[in-house]
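Worksheet for the structure shown next.
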Amino acid sequence: QDTVTSNAFVKIEIVYYWTDPRLAGWPAAKALPSTLWGPRMSLKNTASSNDLVENQWAFELIDFKIGRLKRGISYASTINNPMDLQAFPFDMDCLEVLFRTYSDWETLDGSQRGSAASMKTYRVVPIALPSEGSWLALEWNGVIPEWEFLGVSTAIEEMPPEVNGTEETRLCVNFHISRKSGVPLRQTGLATHSTSIDFHTSLVISRGITT
């Protein structure tokens with residue numbers, strides 16, 4: 001959290017689960033097609049597109065019987081965080097990290113990506129099966145210099161259809177913080193700390209993906 005430039009550095013992992021009926025009964029010893037595609041979201045409020053680092057750390061078939069798949073992507077970036085300082089030095093802040101998808105997809109090998117031309121081809125919902133992990137996991141000690149971490153909230157928003165027929169889904173991850181009361185005024189006005197927030201969330205794609 002940098003109160004001078006109004007930005008913060010975050011690292012968030014999203015794990016996607018979905019079922020592709022075309023892979024039901026897929027041989028365990030057989031590699032998945034490199035052009036097999038699956039869902040993905042984009043980080044919307046980066047301070048700079050050149051600053052964003054994405055890393056796909058998993059794309060695997062976890063249930064060969066029904067064609068259940070898992071994809072893991074980590075996002076690391078500095079994000080814009082405009083602050084309301086009217087209550088300074090007793091202000092609070094909501095650090096919003098905003099992801100979105102227009103039923104975006106990308107192949108296993110990353111060679112191709114795109115989005116639905118119209119309507120949704122899948123829906124995004126929180127994880128439900130205990131075997132597939134928890135909805136939220138903080139892999140961070142909650143320490144932000146000069147600030148107190150109050151908690152985290154999330155929301156999945158399905159936006160109204162746009163004129164061209166596309167439909168956007170947003171995932172908002174909000175970190176709630178308040179300025180520590182014991183911090184001297186001369187420090188709060190010159191804060192230049194940058195804190196890395198590591199966060200993990202799991203999503204379920206609730207409709208089997210078909211081409």
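Sites listed here are trypsin sites (Lys or Arg not before Pro) in the stretch 24-57 whose DSSP assignment is loop and whose Cβ has at most 14 other Cβ atoms within 10 Å: 30. Taking 22 Å as the straight-line reach from the Cα of residue 11, the lysines in range (excluding those fewer than 8 positions away in the same chain) are 44, 70.
The simple spin-label model puts a point 7 Å past each Cα toward its Cβ; for residue 150 and residue 134 those points are separated by 2.2 nm. If you take all other residues with their beta carbon under 9 Å from the beta carbon of residue 67, and give Lys and Arg +1 and Asp and Glu -1, the sum is +1. As a calculated quantity, the FRET efficiency between residue 163 and residue 94 at R0 = 41 Å, using C-beta atoms, amounts to about 0.85.
Round to the nearest 0.05 the FRET efficiency obtained for residue 32 and residue 66 when R0 = 25 Å and r is the Cβ-Cβ distance. In this case the efficiency is close to 0.95.
Every number in this text was worked out from the coordinates using simple rules, so none of it is lab data. Just so you know, these numbers come straight off a predicted model, no measurement behind them. Backbone-built Cβ (ideal geometry, glycine too); neighbour counts: all protein chains shown.
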